[in-house]
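Asker: I am attaching a structure below and will ask some questions about it afterwards.
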Amino acid sequence: MFTDYLLKYVSLGVLVLQTTSLVLTMRYSRTLKEDGPRYLASSAVVSTEVLKIFTCIFLVLIENRKLELLNPVETMKLAVPAGIYTLQNNLLYVALSNLDAATYQWPTESGGDSEQKILTASSQFMGLMAVLMACVSSGFAGVYFEKILKETKQSVWVRNIQLGLFSFMFGFIGMMAYDGQSVRQSGMFQGYNIITCTVVVLQAVGGLVIAVVIKYADNILKGFATSLSIIVSTLISYFILNDFNPTGVFFFGAVLVIAATFLYSYEGKPASSAIKV
């Protein structure tokens, strides 16, 4: 019991750290100016799923020394969250290509012509829509995946392999549909560098940590951890990266997130049923 309790909060802390690192690194990777072509977001999503699958296979073999995957009916249940998570991961790349690391507000600038301002507004709108769609899809997929994890006797790593197989299939189809010409011309790994590889590793780690959090905590706490990571990312953006100007609305939202986290975690003393005379 104590082990599960400890694992619950350690995994939540790791998720906050991982999500913060991922947001900042992904934002940097999508805005870094290079001589060659920029890496394909769809390719990074596929690479992440491959890394997750092999990592989970390794963990299953360590635990059981054999790989028993697979009840076809149980496996098919994961096609739904896999498709949604694949969509969400691609949307995050779109969002962080068009918004700053805080994902809420573009920094204001004093200069620039009207065309640049229009482009900035367009990018902001596109990024915001991507964030909203990612949030909605993430909530549904998280609840669905939590239900599957908590009703199954299979390990969380086996479930992640099943999820990863579908995610890889959907991601690969999406990559070839939208970036197939670029892949055929310059290869799937065009534009990859150490930063890109770091993003792939962080995203793969995040997928595994989220599964552990959902298994031993719940999807609501996972949402709180992600929200806290946004606040941490914002502080880093403001004090270190200097690409975010916080407003009163942002501070109000941050206070609400922190208050909600404490209220959800608070366990009041049960009322006594005995009547003292």
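Asker: Given 5 Å bins starting at zero, what is the percent of C-alpha pairs of the range 159-222 in each, up to the one with the largest pair distance?
Answerer: Computed distribution, short to long bins: 4, 14, 15, 20, 20, 12, 8, 5, 1, 0.
Asker: With r defined as the distance between the Cβ atoms of residue 50 and residue 263 and R0 fixed at 30 Å, what FRET efficiency is calculated, to the nearest 0.05?
Answerer: Values: r = 40 Å, r/R0 = 1.33.
With R0 = 30 Å, the Cβ-Cβ based efficiency is 0.15.
Asker: Give or take rounding to whole Å, what are the principal axis extents of the alpha carbon atoms in the range 141-186, in descending order?
Answerer: Projected onto the principal axes, the Cα atoms of the range 141-186 cover 45, 18, 10 Å.
Asker: Could you compute how much accessible surface residue 209 exposes when probed at 1.4 Å, giving the result in Å² to the nearest 10?
Answerer: 20 Å²
Asker: Per 0.36 nm of contour for each residue apart, how much would the distance between residue 153 and residue 255 grow if the chain were fully extended, relative to their Cα-Cα spacing? The partial results should precede the final answer.
Answerer: Details: separation 102, 0.36 × 102 = 36.72 nm, distance 3.90 nm.
Roughly 32.8 nm would be gained on extension.
Asker: If you rank 146, 34 by how much accessible surface each has, with a 1.4 Å probe, what is the order from largest down? Please report the intermediate quantities before stating the final value.
Answerer: Numbers: 146 35, 34 85 Å².
Sorted descending by solvent-accessible area, the residues read 34, 146.
Asker: Full extension from residue 136 to residue 242: what is 0.36 nm times the residue separation minus their Cα-Cα distance, to one decimal in nm?
Answerer: Using 0.36 nm per residue and subtracting the Cα-Cα distance, I get 35.2 nm.
Asker: Counting other Cβ atoms within 10 Å of each Cβ, which trypsin sites (Lys or Arg not before Pro) in the range 13-65 have at most 12 and sit in a DSSP loop?
Answerer: Sites meeting the loop and neighbour criteria: 33, 65.
Asker: Something else about it: What ranking, highest mean first, results for peptides 124-131, 251-258 when packing means the other Cβ atoms within 10 Å averaged over each residue? Kindly include the intermediate steps, with their values, before the conclusion.
Answerer: Numbers: 124-131: 16.9, 251-258: 13.1.
Most protected by this proxy first, the peptides run 124-131, 251-258.
The values are calculated or read from the model by the stated rules, or taken from the named source; none is laboratory data. As the structure is a prediction and not an experimental result, all values here were calculated from the model. Note that each Cβ is placed from the backbone with ideal geometry, even for glycine, and that neighbours are counted across all protein chains shown. What goes into the accessible areas is simple: the full protein's heavy atoms, side chains included, and nothing from ligands, DNA or RNA. Shrake-Rupley method; radii C 1.70, N 1.55, O 1.52, S 1.80 Å.
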